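Down below is the structure, laid out as structure tokens.
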Amino acid sequence: MQTLKLLGSFLKINIQMSLAYRADTVVNILLNIMWLGWELLSLNIIFSNTTSLGGWTLGELIALLGVFRLVNTMMVALIWPNTEKFNQSIRDGSMDYTILQPINTMFLVTFSRITVWRVWDLVLAITLIVVGINLSGDIATASSILTFMLLTISGAIVIYSLWIVLIALTFWFTKFDNNVTILQALMDSGRYPATVYPAWLRIIVTFIIPIAVATTIPLQALRSDLNAGQIVMFFVIGVLSFWVASRVWKSGLKRYSGASS
Amino acid sequence: MILIFQRLWQVNWAEQWQYRANLLMYLLYWLVSPIIYLAVWTSIANSKGNVNGFTANDFITYYMTLLIVDQVTSNIIIHSFGYKIQDGTLSGELIRPIHPMLTNALVNNVAFKGLTIMGLTPIWIILFFLFRPDFSHVTLIGILLAIPAMVMGFFVGFLLSAAITALAFWTTRIYSIHEFYFALILLFSGQFVPLTLMPKVIQDIAQYLPFQLLIYYPIQLVLGKLSTQQIVQGYVMGFIWLLVSFFVFNWVWRKGVKRFSAVGA
């Protein structure tokens, strides 16, 4: 309950901050629409040359684009701004004050900055998913939609956990400023089904920087490409990665000793 | 003059060398898209035999060449120069008797390029063994024709980006403008897919725009896919755009410097 209340006040603060840059917000939304146009055009170009991409139809790729945009929104609206603030706080020692707060530090560090206008992106992403599923002609049953949603959430948790581990590494290596670049670099691979990639790339985006776990895998559940065992496995991976991440975070935090004092 | 460039080179090379870890990250970031496009299109070509005459090997050679061409013709001027106008540090460079953009920033970009190409070389060789492209139809003449075209493409792109960067004299939103410019490049340069697979309208427009000079035209020269007429046409277009972009940049720069009041410095 307290967590939700805090999240509410974080949102309020961030809305106030973004109101100072209204024109920027408008420009950003326009650019965002432009990129959506490009993404749809590029799918159109692909499908004017073929009827399926690795067995996936246009509708399925539009839905995948929606899921990709969900993950990408997490990246740009949450991961980037908070990482920037976190890196700064390690460098100048203001992390001290964050630790003193009587709330879970990990929560505080990862949710205090939110790029508010990106909420619009979430609406867009969900629209893309709904339209895509309708277009795809896949038989979406209640249970397949449920597994799809569960695996989307668990995939997002996997990315969130990887992020925690990456920024926690800063406790050991103070000069590790590029901590999330690697995540961003491979992000674009989420636009297309990982099954079309050559094996080595598929292994990287599934096991090392698991973008595909958050994008391709949920869609595969919807296409009923996964058996029950695999669904349970990916769900367990989500839970497990969160547990590992919070352990790493805790032991990292123990190493923190301030910047100047 | 040569001495000035020599000194500038030493300074800028040393500066870029300082940031080699960041540079490697940049390289990684930049590599992913072409490799994904390569994977997507070869997967389609493999399942259908060919895409409008493009075989899987055609796509592999296209994107493998793109990795080199794009690295030669692209620039980072917006990131290395834009902030100087915004925070006023440009004033120090303006009082020197050399053009800040056409000497120092240019050499800085070339130094950056030198380092990224050094970093790209081993990666490219690894990719070569992973994708095994068949470059047997590439001729020496094609490569020799492509080198001046790449230099020309670099200067056209550099001057256009420099002109956009110089807009910072008027507005703080050059990064948004640059994002729009970047989208135009994606659409008209052949970065996403060989231009002949784009919708007809885009192909027709792209012919007259400078963006294909940065990527599509040099790649096609290397791969020897152009007729003599197309080669001549490309060089003529390149020359025209070189002049146009030079005049546009010069005009924007002159107007801008007059407005410049060195905020905060």
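How far is the Cα center of the stretch A:213-261 from the Cα center of the stretch B:203-254, in Å? Spelled out, the Cα-based centre of one part sits 48 Å from the other.
I need to check one value: relative contact order of chain A, counting alpha carbon pairs closer than 8 Å and at least 6 residues apart, in percent.
Working: 277 pairs, mean separation 69.6, N = 261.
Relative contact order comes out at 27 percent.
Pairs of Lys residues in the stretch A:2-255, spaced 8 or more positions apart or belonging to different chains, with C-alpha separations under 26 angstrom: 8 in total. A Förster radius of 51 Å combined with the Cβ-Cβ distance from residue A:224 to residue B:11 puts the calculated FRET efficiency at roughly 0.25.
With each label modelled as a point 7 angstrom along the Cα→C-beta vector, the residue A:26-residue B:259 pair spans 1.9 nm. In the stretch B:2-259, a dipole from Cβ-located charges (positive for Lys and Arg, negative for Asp and Glu) runs towards its positive end, and of B:56, B:206, B:251 it is B:251 whose Cα lies farthest in that direction. The residue among A:99, B:41, B:177 whose Cα reaches farthest toward the positive pole of the charge dipole of the protein assembly as shown, with charges on the beta-carbon of Lys, Arg, Asp and Glu, is A:99. Kirkwood analysis of chain A, using all unique Cα-Cα pairs, places the hydrodynamic radius at 19.7 Å. For the stretch B:2-259, a simple Cβ point-charge model (Lys and Arg +1, Asp and Glu -1, everything else neutral) yields a dipole of about 500 debye relative to the Cα centre.
Give, to the nearest whole percent, the P(r) tail of the stretch B:60-205 beyond 18 angstrom, counting all Cα pairs. Intermediate results must be reported in sequence, preceding the final value.
On the way: 6988 of 10585 pairs.
Value for the stretch B:60-205 (Cα pairs over 18 Å): 66 percent.
Of the residues A:211, A:236, A:194, the one whose Cα sits farthest toward the positive end of the charge dipole of the stretch A:167-261, with +1 on the Cβ of Lys and Arg and -1 on the Cβ of Asp and Glu, is A:236.
Residue by residue along B:38-45, Cβ atoms of other protein chains within 10 Å of the local Cβ number 6 on average. The lysine pair count for chain B, using Cα distances under 29 Å and pairs eight or more places apart or on different chains, is 7.
Using the Cβ-Cβ distance between residue A:9 and residue A:104 with R0 set to 25 Å, the FRET efficiency from 1/(1 + (r/R0)^6) comes to roughly 0.95.
Placing unit charges on C-beta atoms (Lys and Arg positive, Asp and Glu negative, everything else neutral), compute the dipole magnitude of the protein assembly as shown about its Cα centre in debye, rounded to 20.
Charge dipole of the protein assembly as shown: 920 debye, to the nearest 20.
For peptide A:23-34, the mean count of partner chain Cβ atoms within 10 Å of a residue's Cβ comes to 2. Contact order, relative form, for the stretch B:2-259: 26 percent (alpha carbon pairs under 8 Å, 6 or more residues apart, mean separation divided by residue count). Taken residue by residue and averaged, Cβ atoms of other chains lying within 10 Å of the Cβ of A:49-60 number 3.
In this rough spin-label picture, where each label sits 7 Å from Cα along the Cβ direction, the residue A:33-residue B:181 distance is 2.4 nm.
Helix B:106-131 and the longest principal axis of the Cα set of chain B meet at an angle near 20°.
Among A:203, B:141, which comes first, second and so on when ranked by fewest other beta-carbon atoms within 10 Å? Could the numbers behind the result be given before it?
Details: A:203 13, B:141 10.
In order of increasing Cβ crowding within 10 Å: B:141, A:203.
May I ask for log10 I(q)/I(0) of the stretch B:2-259 at q = 0.10, 0.12 Å⁻¹, from a Debye sum over the Cα atoms as equal point scatterers with solvent left out? Debye curve over Cα of the stretch B:2-259, log10 I(q)/I(0) at q = 0.10, 0.12 Å⁻¹: -0.53, -0.76. Each of A:232, A:27 was scored by other Cβ atoms within 10 Å of its Cβ. Arranged with the fewest first, they read A:232, A:27. The charge dipole of the stretch A:2-255, taken about the Cα centre with unit charges on the Cβ atoms of Lys, Arg (+1) and Asp, Glu (-1), comes to about 680 debye, rounded to the nearest 20. Working from label points 7 Å from Cα in the Cα-to-Cβ sense, the residue B:208 to residue A:126 distance is 4.5 nm. Taking the inverse of the mean 1/r over every pair of distinct Cα atoms in the protein assembly as shown gives a Kirkwood hydrodynamic radius of 25.3 Å.
No value in this document is a laboratory result; all are computed from the given coordinates. As the structure is a computational prediction, the values presented were derived from the model and not from experiment. So basically every Cβ, Gly included, is an ideal-geometry build from the backbone, and we count neighbours across all protein chains shown.
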